[in-house]
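The values are calculated or read from the model by the stated rules, or taken from the named source; none is laboratory data. It should be emphasised that the depicted structure is a prediction, and the values quoted were computed from it without experimental measurement. All Cβ positions, glycine included, derive from the backbone under ideal geometry; neighbour counts span all protein chains shown. Calculation scope for accessible area: heavy atoms of the full protein, side chains included, ligands and nucleic acids excluded. Shrake-Rupley method; radii C 1.70, N 1.55, O 1.52, S 1.80 Å.
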Amino acid sequence: MDVEPHVREEKTTVTVLVTGANSGLGFAICCRLIDEFLFTRPQSQTLHLLYSTRDSKKGEDTLKRLNAHLQTTLRRANGKAAVGISLLLEARIKLEGVLVDLTKLLTVKALAKQLLARGQHLDAVVWNAGVAGWTGINWLKAAWEILTRFSQATTYPHFMGCDVGALTKRQVGGYGNVHMFPEPRLGQVFCANVFGHYMLTHWLSPLMGAESRVVWISSLSATPDLFSLEDIQAIEAEMAYESSKRLTDLLVLTAELPSTQSYTRPFFNQPPSRATSTKPDSARAPQMYITHPGVVATSIADLNAFLAFGMIAFMYIARWIGSPWHPITPYKGAVSAAFAVLAPPSQLSDLEAREGKGKWGSAADVFGDERVVRTEIEGWGFGGEPGSPAPSGSISSRRREYKGPATKDSREEFEEAGRRCWREMEELRVEWEKRLGRVEIDAGASADV
């Protein structure tokens, strides 16, 4: 799906924050945003791209590589002789690195305080950073799955070993007698993939308005059988990464439903709902969107060169035999996230208002030409409306365990699961805000965000 030019002449600077930008999909999202912004937005507009890394060294390296990508884009677009045009285009991109480690909530809060102090409006944020929590590959299981169900194994792999029970390090250690302040457990994958971003969204919400977009990166593998309401942090889960992505789907897709408003209003720093109001305050609440990159080859799998080559080869074979879910390269996989950030309302918010809130995925044909498609979510369907026809160009679930299109019952179960997740996430948020604020006061730091 191509992004049409989005003409908003009154807006001179568009500010976008992307987390986990130093490699893989996050870096590719930044590159794709630069490219599509330059050639779809008016010449009067400038992109201020805030990219996050975990440390300064990675930030400096990312800046060098983003600048190199920008120069390559300018050369391809204008030719070596068009120096003047290249300089004009280059001036429309402002790159700035920021630091955050999503498993360390104090750094999350520090980033929020830094951005809030500026008071700069955020047009979009892309919550991409995360960890897989994998410890290796179950080779016997991998060989069996590839031999007996090749397409499923290369799209919905279940042979990765997980670091079950992995927790974050103590969040507020080092300030006096830490035994006076016992902490609840925080799952490492949960915190990196969901909760850190959740806290950041809450803290940054004063910088966002109704036209701002919060884009969450999910996964094809976010399936219901890998998620438990009794363990939303996936501490005991054997596939914590996939569980965290299902949680992401549940939160985003139910965020605008009346049943979740008692939780989403305080999350977005809105006043309590009036008795006649069942939706977030449209004057303030940003829009949340869910995307996935399809199946791409990134360093998150942490494979050596030989295994990485084999993985990529299997991905190409899967695409050649008909899988639509293998963009393979991170740049192609980034098309859905870039679309969710830059697409005009007619292609995104207006469309979701007509067809229901859905999941936007990156797909590719046999030749590798990428596109954005609506993706079926088990229990929810394409837009949360059981019985409605599939939107044009959408792709149904091809998972072997797929139980069929969403029904009224499955849709109700999905909404109830989302409501319970919102309740538990808000309880965690309130508790951790108190803890982080108390530690900052004890340490002589500044007041709460």
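Things to note:
- For ILE377, distant residues with modelled amide H under 5 Å away: PHE382
- Within the assembled protein chains, the solvent-accessible surface assigned to SER262 is about 80 Å², based on a 1.4 Å probe.
- Relative frequency of Cα-Cα separations exceeding 13 Å in the stretch 295-350, percent: 66 percent
- In order along the stretch 189-205, the phi-based Karplus estimate (6.51 cos²θ - 1.76 cosθ + 1.60, θ = phi - 60°) of 3J(HN,Hα) comes to 5, 4, 5, 5, 8, 10, 5, x, 5, 4, 5, 5, 4, 4, 5, 8, 4 Hz; Gly and Pro are listed as x.
- Phi-based couplings in Hz for the stretch 129-136 (Karplus 6.51, -1.76, 1.60; Gly and Pro marked x): 4, x, 10, 8, x, 8, 10, x
- Which of PHE306, PHE190, PHE314 is most accessible, then next, and so on - probe 1.4 Å: PHE306, PHE314, PHE190
- Bridges between two residues of the chain, per DSSP, are antiparallel at a rate of about 25%.
- Solvent-accessible surface of protein heavy atoms, probed at 1.4 angstrom with all chains present, puts TYR263, TYR316 in the order TYR316, TYR263, largest first.
- Percent RCO, i.e. relative contact order, over the chain, from Cα pairs under 8 Å lying at least 6 residues apart: 16 percent
- In the context of the full set of protein chains, residues of the chain present 44 Å² of accessible surface per residue (probe radius 1.4 Å, heavy atoms only).
- Carbon/sulfur fraction of accessible area - the chain, other protein chains in place, 1.4 Å, %: 55 percent
- Between the stretch 306-334 and the stretch 199-268, the Cα center-to-center distance that results, in Å: 27 Å
- Cα shape, the chain, gyration tensor, a/c 1.5 rule: rounded
- Shape of the stretch 162-250, Cα gyration tensor, a/c cut at 1.5: oblate
- Choice from ARG435, ARG374, ARG419 with maximal GNM fluctuation in the chain (Cα, 10 Å cutoff): ARG435
- Largest to smallest accessible area among VAL98, VAL430 [probe 1.4 Å]: VAL430, VAL98
- In this rough spin-label picture, where each label sits 7 Å from Cα along the Cβ direction, the SER388-THR72 distance is 3.9 nm.
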